[in-house]
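Below is one structure, written out as structure tokens; comments come after it.
The values are calculated or read from the model by the stated rules, or taken from the named source; none is laboratory data. The shown structure was predicted, so the numbers you read here are calculated from the model rather than taken from an experiment. Glycine gets a Cβ as well: all are built from the backbone with ideal geometry, and neighbour counts include every protein chain shown. When the accessible area is computed, the model is the full protein with side chains, heavy atoms only, and any ligands, DNA or RNA have been set aside. Shrake-Rupley method; radii C 1.70, N 1.55, O 1.52, S 1.80 Å.
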Amino acid sequence: MKKIYLSATVLSAAAAILFLYIAPQLIRTDILSENKVSYEQPVPSVACGRILSQQFVPQYEQIKSIDVYINALSCSRDEGALHVKITDSSEEVLYDQNLPLSMLPAYGMTPVVKNVTLAVGNTYHLSIEAVDTLDDGPAISFFPNEIAANKEESGGRLTYAGQCLTNSVLRAAFRYSVPLAPVNYLAYCLFIAFFIFLCLEGVAFRVKK
């Protein structure tokens, strides 16, 4: 039995080390950061070079999505796209995608950025522009009240067509993918160890018979 327990201990330790190495990348949870409740206003158009840009500071490294409130009820979605960029303080482009208008819902919170990794605490710009549209494109909502800012937007500037919208923030939600708390990984390791001991005891019992 001593050999069984020794083998179980070694296997459990190896399995725990392997699990702790890969688990933070595979077993994660989501954290959502949203605006506080306030009245909102729409920017009627982000076409024809009228870019809407929000400064923000990510709270976690891995951003699963950034959602903004878009109203496309009154625009044509047959052609055109939303050009979405994220740039850093030196204006280096870190994210650059076109979201076809045909993929937009009629209205509602819509993911415009997906799966980007940024440095926590650094300042970035999220810029949105409608390109190649048949009309003025969709309207995008903002809050003309800084108390509605989420942590990412707090203290950041919102600009429209090059003009600063004073005390205003984009209506946006930041969804992060983050590792579980260490205690959760410990629980998984204990379960793995228990399972290994149980399996080896079963094997030993069958061998004895």
Among (1) of a type outside the set (A, V, I, L, M); (2) under 20 Å from the mean Cα position of the chain (by Cα); (3) modelled with pLDDT of 95 or more, there is one condition G156 misses while meeting the rest; what is its number?
(3)
Would it be correct to say that I140 is closer than 27 Å to A106 by Cβ, assigned to a strand (DSSP E or B) and within 19 Å of the chain's Cα centre (by Cα)?
no
Checklist (1) touching a residue at least 60 places away in the same chain (Cβ under 8 Å); (2) within 23 Å of G49 (Cβ to Cβ); (3) surrounded by fewer than 16 Cβ atoms within 10 Å (Cβ to Cβ) applied to V93, failing item
(1)
Looking only at segment 48-66, which residues are of a type outside the set (S, T, N, Q), surrounded by fewer than 20 Cβ atoms within 10 Å (Cβ to Cβ) and under 18 Å from P100 (Cβ atoms)?
none
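Within segment 67-90, can you find the residues that are acidic (D, E), farther than 16 Å from A172 by Cβ and surrounded by 12 or more Cβ atoms within 10 Å (Cβ to Cβ)?
Scanning segment 67-90 gives E79, D88.
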Which numbered condition in (1) open to solvent by 40 Å² or more (accessible area, probe 1.4 Å); (2) part of a loop (DSSP other than H, G, I, E, B); (3) under 25 Å from N98 (Cβ atoms); (4) in contact with a strand residue (DSSP E or B) (Cβ under 9 Å, 6 or more places away or on another chain) is the only one that S154 fails?
(3)
Which numbered condition in (1) within 20 Å of the chain's Cα centre (by Cα); (2) modelled with pLDDT of 95 or more; (3) among the aliphatic types (A, V, I, L, M) is the only one that A130 fails?
(1)
Candidate set: segment 112-151, residues that are without any contact (Cβ under 8 Å) to a residue 60 or more places away in the chain and in contact with a Lys or Arg (Cβ under 8 Å, 6 or more places away or on another chain); chosen: the one surrounded by the most Cβ atoms within 10 Å (Cβ to Cβ):
K114
Residue check, L104 against (1) over 18 Å from S33 (Cβ atoms); (2) open to solvent by less than 30 Å² (accessible area, probe 1.4 Å); (3) in contact with a His (Cβ under 8 Å, 6 or more places away or on another chain), all met but one. Which one?
(3)
